[in-house]
Amino acid sequence: MLTIDLQGKRALIAGVADDAGFGFAIAKALATAGASICVGTWPPALTILQNLLERGKMDASMQLSADRKMSFERIYPLDAGFDSLEDAPQELRENKRYKDRGDFSIRGLAAQLERDFGTPALDIVVHSLANGPEVKKPLLETSRKGYLEAVSVSAYSNIALVRELAPLMRPGGSFLSLTYMASERVIPGYGGGMSSAKAALESDTRTLAYEAGRRFGVRVNTISAGPLASRAASAIGLIERMVQYVKANAPLPRDFEAPDVGHAAAFLSSPLAAGITGTVVYVDNGFHAMGMAVEGPGTVGT
Ligand SMILES: NC(=O)c1ccc[n+]([C@@H]2O[C@H](COP(=O)([O-])OP(=O)(O)OC[C@H]3O[C@@H](n4cnc5c(N)ncnc54)[C@H](O)[C@@H]3O)[C@@H](O)[C@H]2O)c1
């Protein structure tokens, strides 16, 4: 039988702070396939995640099967807006959510992984994070600062992750990120330069696949996911409408769920996908293929 076997492999998933988002669903799928899971969590969300875990609030979702439960091998503080600790403003470093977290930068993460596991010790890296402080503003009204912040945290961070972590990867290593169709089609309400950040992320996927493929032998892909009511997406404010719209108009009128992305991510991160790099893979019930809204209920047979 052809199976996704990730036993003996270690994954780092950047952007897990609860059990509602794509990062967690990917962690679960990779763990089910046998990988050990480390996560990188934004310092302002780290205490919340630790509390959820300690108080058993995530026990049910950490269950992989009747007799297997997921555990995180390490939880690292990570603010993907900074390549090195020196880049972080003094005020932020002294903030109570940051000051006892050590080096929370991308370089700090790489150094800590190397101290914990040596080199090479990593097989899979997933970038599942985004932030645009002005996401609720139309692009026309987005400030230069807000736009650059969205692109910095949501797209440049992926370049920095590849640069810093590729040297720690074992042969056949895989990088994966999460993008959204707003990069190529207009999604009213997805503002603040977030659409631009996703376009950059997708373009960079191709260039990084070439550059890091030649230099380190790693693969770089991105999944364009359908809408999901995660914590980040709920903050944008229009997620329920997007979920409904996609359900009504996608080729597959089934519910779109986070494990759909988790399973695709497990495949793309596995040796079965050894020949796949530089791609945008749509996991959205096929919604991206539509050029016209469906009239009436989008049920099978219509
Ligand atoms: N939810 C959707 O509808 C949807 C659709 C397509 C793509 N995506 C993408 O999926 C990815 C995961 O998002 P999600 O929707 O699962 O929500 P989520 O809330 O589970 O994940 C976003 C994560 O980003 C983290 N984050 C924010 N700023 C950060 C920073 N500076 N440094 C480190 N981490 C930071 C948050 O703490 C959070 O854990 C994002 O790239 C998002 O754009 C989401």
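The values are calculated or read from the model by the stated rules, or taken from the named source; none is laboratory data. From a predicted model like this one, the values you see are computed outputs, not experimental measurements. Cβ placement follows ideal geometry from the backbone for every residue including glycine, while neighbour counts extend to all protein chains displayed. All accessible areas refer to the heavy atoms of the entire protein, side chains included, with ligands and DNA or RNA removed. Shrake-Rupley method; radii C 1.70, N 1.55, O 1.52, S 1.80 Å.
Report Rg(Cα)/(2.2 N^0.38 Å) for the chain, keeping two decimals. Working shown, then result.
Details: Rg = 18.8 Å, N = 302, 2.2 N^0.38 = 19.3 Å.
Cα Rg divided by the expected 2.2 N^0.38 Å: 0.97.
Set the Förster radius R0 to 45 Å, insert the Cβ-Cβ distance between T3 and K99 as r into 1/(1 + (r/R0)^6), and round the FRET efficiency to 0.05.
Working: r = 45 Å, r/R0 = 1.01.
Efficiency, from the Cβ-Cβ distance: 0.50.
Can you give the extra length, in nm with one decimal, that the chain gains between E73 and L92 once fully stretched, where that is 0.36 nm per residue apart less the Cα-Cα distance?
Working: separation 19, 0.36 × 19 = 6.84 nm, distance 2.73 nm.
Roughly 4.1 nm would be gained on extension.
Trypsin sites (Lys or Arg not before Pro), restricted to segment 36-80: which are DSSP loop and have at most 15 other Cβ atoms within 10 Å? Display every interim value, and only then the final one.
Working: sites: R55, K57, R68, K69, R74; in loops: R55, K57.
Answer in residue order: R55, K57.
Could you check how much of the accessible area of the chain is carbon and sulfur, as a whole percent, using a 1.4 Å probe?
Values: 7890 of 14720 Å².
Carbon with sulfur: 54 percent of the solvent-accessible area.
Highest mean first, how do 248-260, 209-221, 162-174 rank when packing is the count of other Cβ atoms within 10 Å averaged over residues? All intermediate terms of the calculation are to be shown ahead of the outcome.
On the way: 248-260: 16.0, 209-221: 18.3, 162-174: 19.9.
Going from most to least packed, we get 162-174, 209-221, 248-260.
How much length would be gained if the chain were fully extended between L238 and L139, taking 0.36 nm per residue of separation minus their Cα-Cα distance, in nm to one decimal? Display every interim value, and only then the final one.
Values: separation 99, 0.36 × 99 = 35.64 nm, distance 1.60 nm.
Full-extension gain reported as 34.0 nm.
Using 0.36 nm per residue of separation minus the Cα-Cα distance, give me the extension gain between A66 and L85 in nm, one decimal. Please report the intermediate quantities before stating the final value.
On the way: separation 19, 0.36 × 19 = 6.84 nm, distance 4.23 nm.
That pair, A66 and L85, stretches by 2.6 nm at full extension.
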